[in-house]
1. Grab the Cα-Cα distance for Glu144 and Val33, subtract it from 0.36 nm times how many residues apart they are, and report the gain in nm with one decimal.
2. Just subtract the alpha-carbon distance of Thr120 and Tyr160 from 0.36 nm times their residue separation and send over the number in nm, one decimal.
3. Which residues in the stretch 207-226 have a backbone N closer than 19 Å to a point placed 7 Å from the Cα of Leu259 along the Cα-to-Cβ line?
4. If you work out Cα Rg over 2.2 N^0.38 Å from the coordinates, which of [x] 0.94; [y] 1.31; [z] 1.06 do you get?
5. Using only alpha carbon pairs under 8 Å that are at least six residues apart, calculate the relative contact order of the chain and give it in whole percent.
6. What does the extension gain come out to for Leu222 and Ser70, with contour length at 0.36 nm per residue minus their alpha carbon separation?
7. Taking a threshold of 29 Å on the Cα-Cα distance, which of the pairs Lys56/Lys133; Lys11/Lys330; Lys62/Lys104; Lys62/Lys330; Lys104/Lys151 fall above it?
8. Take the chain, mark every one of the trypsin sites (Lys or Arg not before Pro) that falls in a DSSP loop and has at most 12 other Cβ within 10 Å, then report the longest stretch left between them, sites excluded.
Amino acid sequence: MKDAQPTVIYKLLKRPSAVVALCIIGITCLVSVFAYLLAPDATPSANRMIIELGAKRPGFSKQLLYLPKSSVQSHNSRLSEWFNGAPSGYLATPVNGYTFAGDKIVVRHYIDDGLEDTLTYVLSALIPADHLKAPLQEQQHYLEQHQLITKTFYLGTDRYGRDILSRLLIGSRVTLSVGLIAVLLSLTIGIILGSLAGYYGGVVDNVVMWIINILYAIPTLLLVFAITLTIGKGFWEIFIAIGLSMWVGAARLIRGQVLVLREMEYVTAAKALGVGDIRIIFRHILPNIAGPLMVIAAGNFAAAILVEAGLSFLGFGVQPPHPSWGLMIKEHYNFLLTNRPLLALIPGIAIMLLVYAFNILGNALRDVLDVKTPN
């Protein structure tokens, strides 16, 4: 097995489509790990709302005045901020311009295109306490350098004025998490039930296949709805619900493979030597079906992403304010018929590329691991 691993990787790397798929998956994994370090809006769930900047085009820029909040949440450890984001101590107000009048700043508050009003703030209410003793000119300079910042929204903003790029990056965590948990759950249940049914046959096989046939008759979305209503609707519950609905295909495939392998000579020899059934299944049979398992894992990963996106679109998936690509489409699908279609198209394209990558990878693994197919 040790010698086969580099061979499989080498064969994959000889296929341009597989290389593209691996690059898409690898980049998505890196982005999900470092999402809050890469996101322009590093607040928890990238949920900084600037209502005045709702539904802006990609590349839109606006100068923002950051106003200190009256109460600020305590900051967590650096590791916690890396995984969960850091709460901001400022409120962002879009401005068209500003002037200083002594110890005050007068800003032209941007409300909408061609619409603004005038706001006046005392510098002492905006400048941190450790800078209040500085001369007035230095206070003004500090404000211009640290709290009057021009921000560019590279993918535009959603209807609530949140940065789409930030929510897209952080939403990749939800997408990959649901795929990973669904694959782990489906393969674990599928391996256990499929192996027992294929190895022992008889009553065990009849019972397992009866359950599989019943679940196959239920549409996946309806089955997920039923599980969600049973265990609850939440961030982790939806991942578990998807995983519990996807083990059927894995179990059926594994059962068929085990039915063939249990008749092989090395299994008969192991039985003759007194090796236990569990050891035969997990040490002698399952390692020889690693190829089909990898293929079905890639397929389940892609299917789980689509199911989660569909559930979020219908309102049964990840709940706001957590960013989810399916939820982003739900919030903005009505913009498809306006002059802002990218609000819904951007997360849709992200889902399409990632599902495409996993399907292409699954097909490549199937061809590479099939000894009957010339590589």
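Just so it is clear, none of the values below were taken in a lab; they were calculated from the coordinates. Every value quoted in this text rests on a predicted model; they were computed, and no experiment measured them. Please note: Cβ atoms are built from the backbone with ideal geometry, for glycine as well, and neighbour counts cover all protein chains shown.
1. Working: separation 111, 0.36 × 111 = 39.96 nm, distance 3.32 nm.
My answer for the length gained is 36.6 nm.
2. Details: separation 40, 0.36 × 40 = 14.40 nm, distance 2.51 nm.
Length gained, Thr120 through Tyr160: 11.9 nm.
3. Hits in the stretch 207-226 for Leu259 at 19 Å: 207-217.
4. Here Cα Rg over 2.2 N^0.38 Å agrees with entry [y].
5. RCO, the chain: 20 percent.
6. Values: separation 152, 0.36 × 152 = 54.72 nm, distance 4.66 nm.
Result for the pair: 50.1 nm of gain on full extension.
7. Numbers: Lys56/Lys133 40 Å; Lys11/Lys330 40 Å; Lys62/Lys104 22 Å; Lys62/Lys330 26 Å; Lys104/Lys151 23 Å.
Check vs 29 Å cut-off fails for Lys56/Lys133; Lys11/Lys330.
8. Details: sites that count: Lys2, Lys14, Lys69, Lys133, Lys372.
Between exposed loop sites, the widest span is 134-371.
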